[in-house]
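Below: the structure, in structure tokens.
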Amino acid sequence: MNYPCAVIQDLLPLYCDGVCSEESSRAIEEHLPQCPQCRACLEAMKKSEQTFPSAVEEEKKAASFRRLKKKLKQRQILMGAGCVALAALVLLVTSAALKNIRRTVEYEDNIQVTMEKSGLVSQLEGTVWNTCASVTLETREGNCLFFCFTDTVWDDLVTGDQTYSHYILCPADKGAGEIQ
Ligand SMILES: [Zn+2]
């Protein structure tokens, strides 16, 4: 049975997508060899489908691209946060390590010793010290008080080693105090 061209051409889009019934397909396949017009129609349809993917396809591609972009952005944010956290950790570990590198601060050249009412007072001029430890030793001349001043590499970086300070030592208190 031969169908009119209009009916065949109505069916062609379904045929092209491979979704039309067996009966319709048979009708089209019988009609096409005898009708150059409908053949041209089918050719044009196939061609346009190749060159212009359907809007649905385009939307699918756009959506997957958007998802990919979102994923990349999330990854970037995560990586950024990770980098900041890592940098903070490195700084923390480094500063802790530098604070542990303790060095002795030498005052031997610039100690002034004077006798005051409270006892012997030593005035020091030199680089800033971070901690002070003292020990009293009994000698034949009497009690001898030793002070050990230390600072850390971290102090160097933070305060600089050119800073001068005055400190006063009072053996009577076995301590050290800043007078300025
Ligand atoms: Zn036809």
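Below, the figures for the structure above:
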{"item": "Qualifying positions in segment 1-17 - loosely packed, with under 12 Cβ neighbours inside 10 Å and either more than 13 Å from Met45 (Cα to Cα) or outside the structural domain of Ala40 (by TED's automatic domain parsing) (or both)", "result": "Met1, Asn2, Pro4, Ala6"}
{"item": "Residue selected from segment 18-65 under the condition polar (S, T, N, Q) and at pLDDT 90 or above, by the criterion surrounded by the most Cβ atoms within 10 Å (Cβ to Cβ)", "result": "Ser24"}
{"item": "Hey, Asp109 modelled with pLDDT under 85, among the charged types (D, E, K, R) and assigned to a helix (DSSP H, G or I) or not", "result": "no"}
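Here is a yes/no grid of residues against (1) among the polar types (S, T, N, Q); (2) more than 30 Å from Ile8 (Cα to Cα); (3) touching a residue at least 24 places away in the same chain (Cβ under 8 Å):
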{"position": "Ser48", "(1), (2), (3)": "yes, no, no"}
{"position": "Glu57", "(1), (2), (3)": "no, no, no"}
{"position": "Ala63", "(1), (2), (3)": "no, yes, no"}
{"position": "Lys70", "(1), (2), (3)": "no, yes, no"}
{"position": "Gly82", "(1), (2), (3)": "no, yes, no"}
{"position": "Ala87", "(1), (2), (3)": "no, yes, no"}
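The values are calculated or read from the model by the stated rules, or taken from the named source; none is laboratory data. No experiment lies behind these values; they were computed from the predicted model shown. Cβ atoms come from the backbone with ideal geometry, glycine included; neighbour counts cover every protein chain shown.
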